Amino acid sequence: NSFPPMIMAGVSLYVGLYHLLIYARRKSHPEDLTFGLLCLTTCLYEVMCTGLYNAASTAEGGRWQRLQFISLALFVTAFLWFVSDYTKRKRGAVVYGFTVFYLAAIVVQIVDRSRLTWVFDLPAIKHFPLLFGSEVTYYEVTLGPFTTIQGLVGLAATGYIIWCGVLYYRRGNRQEAVPLLVALGVMTGAALNDTAVSDGLYCSLYLIEYAYMAMILLMAVSLSRAVIDAAVAREALRKAELVIRYSPVVLFRWKAETDWPVEYVSENIRQFGYTPQQLLSGGLPYASLVHPDDRGRVAAEVTGYVEAGMESFTQEYRILTNDGQVRWLDDRTTVLRGADGAVTHFQGIVVDITDQRRIEAALLDSEEKYRTLVENALVGIFTVNNTYQFIYCNDEMCRITARPREWIVNRDFRDILAPESIPVVTERYLLRRQGVPLPSRYEINILRSDGETRHVEMSVALVKDAGGVPRTMGQLVDITDRTRAEAEIRRLNAELEQRVRDRTAELEAAAKELEAFSYSVSHDLRAPLRSMSGFARILLQDHAAELTADASRFLTTIYDTARQMGQLIDDLLTFSRLNRQPLVRQECSMEGIVRQALDALGDELAGRSVEVTMDALPRCSGDSSLLRQVWVNLLSNAFKYTRRCDHARVQIGCAVQSRETVYFVRDNGVGFDMRYADKLFGVFQRLHRDDEFEGTGIGLAIVKRIVTRHGGRVWAESAPDAGACF
């Protein structure tokens, strides 16, 4: 009696455990979980049926009936949840309402022992014939009101399940909906048969078990086909993944459902910070990766492509990586359809194009900057095609030619040239296209719209467009004003050069006259001075006895004055010749020059106590003879103005001040008042009387003239009776 239900229980247990194992390996398919639970509740129901078929009394049969209805409550609940998952339908109030009712029914069946659930004092003993002439006695009790209601609710739940299957079929999922509807039809027929048997209309046993068996097998085959399809797809994807594993391409397979759950993703999804397990678990659908600002657009585009019947499409959008970065993707998707034409999956590849987008943005930015630069350039910029026609010109080009852009574009380039420049430009254009190397810049004349001819400098370069067609890019600079200015400058320079030559000749003539005058003055003045000096000396030497004291004093004064006048003339001639004497620069030993000056002044130190010290002096570049004169004059002054000192000291040294080399002569003589320092280096300027210190007042003027000619400077520091430093 228990052989058919036990077989059914075993099959249900095996199929249920198998689908639970499948769910454990691919949790993105909840229908495997709920179908496995449905199979286990079926197994439980068949076990209860086995107990009922083998009951020996009405009391025992009633207990098995109670357990049978508890398992039916679990069975119907599992069936409702399975159909929701199988048809991709969200569980609404209806499913949850049935679920709550059946949970309450289970509690009532377990707790209640009144006539509400079962009427044990009204037995229903039935005899069912079996094969080969045998029969089975079926001990039942009468259903109570609540259990009757539970049976009616079961019929309502069955109707709802059938309605869900029909809607699933009408949505285009025919391949998946047909097995479900057939199984539901078999189940409905079995339920009606079971009701008829219970009412005693006819006797037929085990039909409900056969219906359950058919339902389990039909749904198992349908789900297994999905598993096989997924396995085939995974194998195909695995082979493809071998190609793309080490490439930047990420392979995806999405379900054609809300938010696009991921059924497969290649390992290199890790470049975006995600692991394949995160996406395959079902908790992270692909839509959640898409940037929120792009999500609506992408979904609308996919819907539009599907409704248009497109087999494949391409999209560009942003995603968020696992660490929050924004990346741009190029998505190339293929639409997969079932045998009935309904879309079941999307399969495609995505490529990170963030760098490409950045480059494109940079190019657009560069192009915008280039366009702005060209449009606002201070030179005329143009492009000419291979038939001499303008295809572009900027605003400055329009200003130079005094023509609007509309007139220039598509106009022959030669239309803006002056007649004399047309052959030159044409010849150069042809030679450049033949590859003859030519200067890129040359000057031509253009003819403005107002008839004025302008002189311009043109630079050109031969380039090729994207199609390889040669074009000429060029620039025009209006140099008319510059050319006129250059011509005027050349004319003025020529006049200036002539004036300089004339002035130089005048200066040379004046210099020669000055030199002749200096020679004449020197010769003409020296002759009477020599006579005066000579006669005075003769009178003092040969007629001293005949002269009175006053006469001798007068003659001595005449003699000294004539000699001083001669020295003054010599100094003036030396001073005047300094500007005419050429400056012969060479590297000089300053210490050697100073020693030569000291040797020349040796007579001035005779009979005196003078301490002369000299520090190390660096070499310099200059005229050694003129520099010797500088040292002679400065040292001579130092010796002269220390004459009253008991122990005279003269220091010759060097110091570096503000990167300048400064030579100096320091003495401990009478010094001078710095208020009159500006007179020191002037001609005939003296700060001491002749009866105190002799001199002509030209020596320091000579020093300044020589130092200035060398590009240097000279100054003095002193105080009365505190010495001086030059």
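Structural remarks
- Answer label, with Rg and Dmax of the Cα atoms in Å calculated from the coordinates and candidates (1) 30.7, 98; (2) 28.8, 95; (3) 62.0, 204: (3)
- Cα centroid separation - segment 406-453 against segment 1-78, whole Å: 98 Å
- Computed label-point distance, nm, for sites TYR442 and ALA156 using a 7 Å Cα→Cβ extension: 10.2 nm
- Nearest-ten-degree value, helix 480-542 long axis tilted from longest Cα axis of the chain: 30 degrees
- Between ARG411 and LEU363, full extension at 0.36 nm per residue minus the direct alpha carbon distance yields a gain of 14.2 nm.
- Based on C-alpha pairs under 8 angstrom that are at least 6 apart in sequence, the chain has a relative contact order of 5 percent.
- In the complete set of protein chains, residue-level accessible area for VAL326 is approximately 60 Å², probe 1.4 angstrom.
- Split the accessible area of the chain by element, probe 1.4 Å, and carbon with sulfur accounts for 58%.
- Residue ranges 68-78, 456-466 sort as 68-78, 456-466 when ordered by packing (mean number of other C-beta atoms within 10 Å per residue, highest first).
- Surface accessible to a 1.4 Å probe, ILE706 within the full protein complex, Å²: 0 Å²
- Our helix-only sum for the chain, with -39,500 (n - 2.57) per DSSP H run of n ≥ 4 divided by its residues, gives a mean residue ellipticity at 222 nm of -18000 deg cm²/dmol.
- Against the chain, whose longest principal axis is taken from its Cα atoms, helix 354-375 shows a tilt of about 40°.
- Mean accessible surface per residue for the chain, computed with a 1.4 Å probe while every protein chain stays in place, in Å²: 54 Å²
- Listed residues ALA300, GLY324, ALA339: farthest to the positive end of the dipole of segment 300-351 (Cβ charges): GLY324
- On Cα atoms only, tilt of 590-600 relative to the major axis of the chain in degrees: 10 degrees
- Alpha-carbon centroids, segment 240-310 and segment 586-629: separation in whole Å: 97 Å
- Among the GluC sites (Glu not before Pro) found in segment 238-343, those both in a DSSP coil and sparsely packed, with 10 or fewer other Cβ atoms within 10 Å of their Cβ, are GLU311.
The values are calculated or read from the model by the stated rules, or taken from the named source; none is laboratory data. None of these values were measured; they are calculated from a predicted model. A quick note on method: Cβ atoms are made from the backbone with ideal geometry, for glycine too, and the neighbour counts reach across all protein chains shown. We work out accessible area using only protein heavy atoms, side chains counted, and drop any ligands, DNA or RNA first. Shrake-Rupley method; radii C 1.70, N 1.55, O 1.52, S 1.80 Å.
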